[in-house]
Amino acid sequence: MTKIAMITGAGSGVGRAVAQALANQDWRLALVGRKREALEETAKSLSGDHLIAPADVGDPAAVKGVFAQIKDKFGRLDMLFNNAGMGTPAIPVEDLSFEQWQAIVGVNLTGAFLCTQEAIRMMKAQTPRGGRIINNGSISADRPRPHSAPYTATKHAITGLTKSTILDGRPFDITAGQIDIGN
């Protein structure tokens, strides 16, 4: 059976590299990110038929829309890679604007939560049920850099989300893991 994966932040960097690795193993992919052009560039580097789904993962309606597209095109989801993320300029916490804080929390934490929530719903309902969720954390959660409060806070929270997802998903054959990429 062909495996289906959704990758957020699939337009560049780690997301693009993971998409290429999975496509080389015959996975079909839902490529998610804010910029259609970047997602199309990733898709051009892959063999196979994949879904290009531009979306802001911090927007609940957009996330629901992506999962509806996945269900329509593939009928299931075997893996979610929560990879989308952003940082702020290195500025002292007291100079950080609320808008900067909200933007990072929206992508790094809320986006991972919303995608995890929808993935669990789909994975519980499909036959065979179950799946895997992989979260991209950061070494910054344990070893922050100066002037990185919002990034560090969200990546620390990803660890909590990952551990909670493991516990909540266990009865439904859903597991989670986390990678913490360093410098």
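The values are calculated or read from the model by the stated rules, or taken from the named source; none is laboratory data. Being a predicted model, the structure only gives us computed values, none of them experimental. Note that we place each Cβ from the backbone using ideal geometry, even for glycine, and neighbour counts take in every protein chain shown. What goes into the accessible areas is simple: the full protein's heavy atoms, side chains included, and nothing from ligands, DNA or RNA. Shrake-Rupley method; radii C 1.70, N 1.55, O 1.52, S 1.80 Å.
Worth a mention:
- Taking the conditions (1) assigned to a helix (DSSP H, G or I); (2) in contact with a Gly (Cβ under 9 Å, 6 or more places away or on another chain); (3) under 24 Å from Gln100 (Cα atoms) in turn, Asn135 satisfies each one other than (1).
- Ala176 part of a strand (DSSP E or B), modelled with pLDDT of 95 or more, under 15 Å from Ile7 (Cα atoms) and open to solvent by less than 30 Å² (accessible area, probe 1.4 Å): yes
- Selection from the range 129-161 of residues that are open to solvent by 50 Å² or more (accessible area, probe 1.4 Å) and within 16 Å of Ile70 (Cα to Cα): Arg129, Arg132
- Filter pass, Gly58 being surrounded by 15 or more Cβ atoms within 10 Å (Cβ to Cβ), without any contact (Cβ under 8 Å) to a residue 60 or more places away in the chain and within 18 Å of the chain's Cα centre (by Cα): yes
- Selection of first residues in the range 28-45 that are outside any helix (DSSP H, G or I) and hydroxyl-bearing (Ser, Thr, Tyr) and of second residues that are surrounded by 13 or more Cβ atoms within 10 Å (Cβ to Cβ) and at pLDDT 95 or above, restricted to Cβ pairs under 9 Å at least 6 apart or on distinct chains, gives the following pairs, ordered by first then second residue: Ser45/Arg16; Ser45/Ala19; Ser45/Gln20; Ser45/Ala23.
- Test: residue in the range 87-96 that is under 23 Å from Gly33 (Cα atoms), of a type outside the set (Ser, Thr, Tyr), open to solvent by 50 Å² or more (accessible area, probe 1.4 Å) and modelled with pLDDT of 95 or more: no
- Within the range 87-108, residues that are over 17 Å from Arg145 (Cα atoms) reach no partner that is open to solvent by 90 Å² or more (accessible area, probe 1.4 Å) and at pLDDT 95 or above with beta carbons closer than 7 Å at six or more positions or on different chains.
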